[in-house]
Amino acid sequence: MIRVVVADDHAVVRAGVRAVLASEPDVTLVAEAGDGAGAVAAVLAHHPEVLLLDWTLPGHGRAVLERLRVEAPGTRVCVLSMHQDGATVREALGAGAMGYVVKGAGIEHLVTALRAVASGCRFLDSATESGLAVGPEHADDDWDRLTPRERLVLRHVAEGRTNREIATELSLSPKTVDTHRTNLMRKLGVHDAQALTRFAVRRGLL
């Protein structure tokens, strides 16, 4: 069962999510919150698989996400927002969100997003992908230091895939993928997958 907390300052949005999830056999809503403090408290109390987070929530969605990355790393975050511009999407993904759904995108997108994020996969709805497609390009000198294979591995890491999944996709051994991941961190001066994801977002890979 996928347990979900929804955090949105609009009661009508929370009611809509509640109604949608009530008919899903594998997803259950365990708590609701109307501001950032309430969102953090609900997650720490219930330890859900997914927090559905309004990015413009009072208390600021980014602050909530960054705090929970430290205090509740087992809970993944899917952003629910009215904004679909590339800058906002990149900010959310760069801060650690695993999914991004635009309000009004459709019930099927919301449920699919929750299932994908709960399983560790990144999810962007079509409106979000369109926003990223027209976003600004980000030049970064470090990009030129990466080999073509390292760039492929970077994209897969940023998508949330494991070494074994990447190895299968690229016809490599898991050990080789791990070596590429280590080289990426060394060349980019970072120390974890979240930092690699932030770099990928800046480059517009996601």
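The values are calculated or read from the model by the stated rules, or taken from the named source; none is laboratory data. Since the structure is predicted, the reported quantities are computational estimates derived from the model, not experimental observations. Neighbour counts are summed over all protein chains in view; Cβ atoms, including those assigned to glycine, are modelled from backbone coordinates with ideal geometry.
Out of 205, 154, 172, one residue alone is surrounded by fewer than 20 Cβ atoms within 10 Å (Cβ to Cβ) and either of a type in the set (D, E, K, R) or within 26 Å of residue 118 (Cβ to Cβ) (or both). It is 205. Only one of the numbered conditions (1) buried (at least 16 other Cβ atoms within 10 Å of the Cβ); (2) over 22 Å from residue 87 (Cβ atoms); (3) modelled with pLDDT of 90 or more is violated by residue 161, and that is (3). Anything in region 177-206 that is in contact with a helix residue (DSSP H, G or I) (Cβ under 7 Å, 6 or more places away or on another chain) and modelled with pLDDT of 90 or more? List them, or say none. Scanning region 177-206 gives 177, 178, 180, 181, 183, 184. Residue count for region 1-51 under the criterion of being within 26 Å of residue 70 (Cβ to Cβ) and of a type in the set (Gly, Ala, Ser): the result is 11.
Listed here are the residues, each with its yes/no results for (1) exposed (fewer than 15 other Cβ atoms within 10 Å of the Cβ); (2) among the basic types (Lys, Arg); (3) modelled with pLDDT under 90.
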| site | (1), (2), (3) |
| --- | --- |
| 73 | yes, no, no |
| 108 | yes, no, yes |
| 115 | no, yes, no |
| 121 | no, no, yes |
| 131 | no, no, yes |
| 137 | yes, no, yes |
| 141 | yes, no, yes |
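Taken over region 154-206, residues that are over 20 Å from residue 122 (Cα atoms), free of Cβ contacts under 8 Å to residues at least 12 places away in the same chain, polar (S, T, N, Q) and part of a helix (DSSP H, G or I) amount to 3.
For region 43-58, which positions are surrounded by fewer than 18 Cβ atoms within 10 Å (Cβ to Cβ) and in contact with a helix residue (DSSP H, G or I) (Cβ under 8 Å, 6 or more places away or on another chain)?
The first filter runs over region 43-58 and keeps only residues surrounded by fewer than 18 Cβ atoms within 10 Å (Cβ to Cβ), leaving 44-47, 56, 58.
Result: 44, 58.
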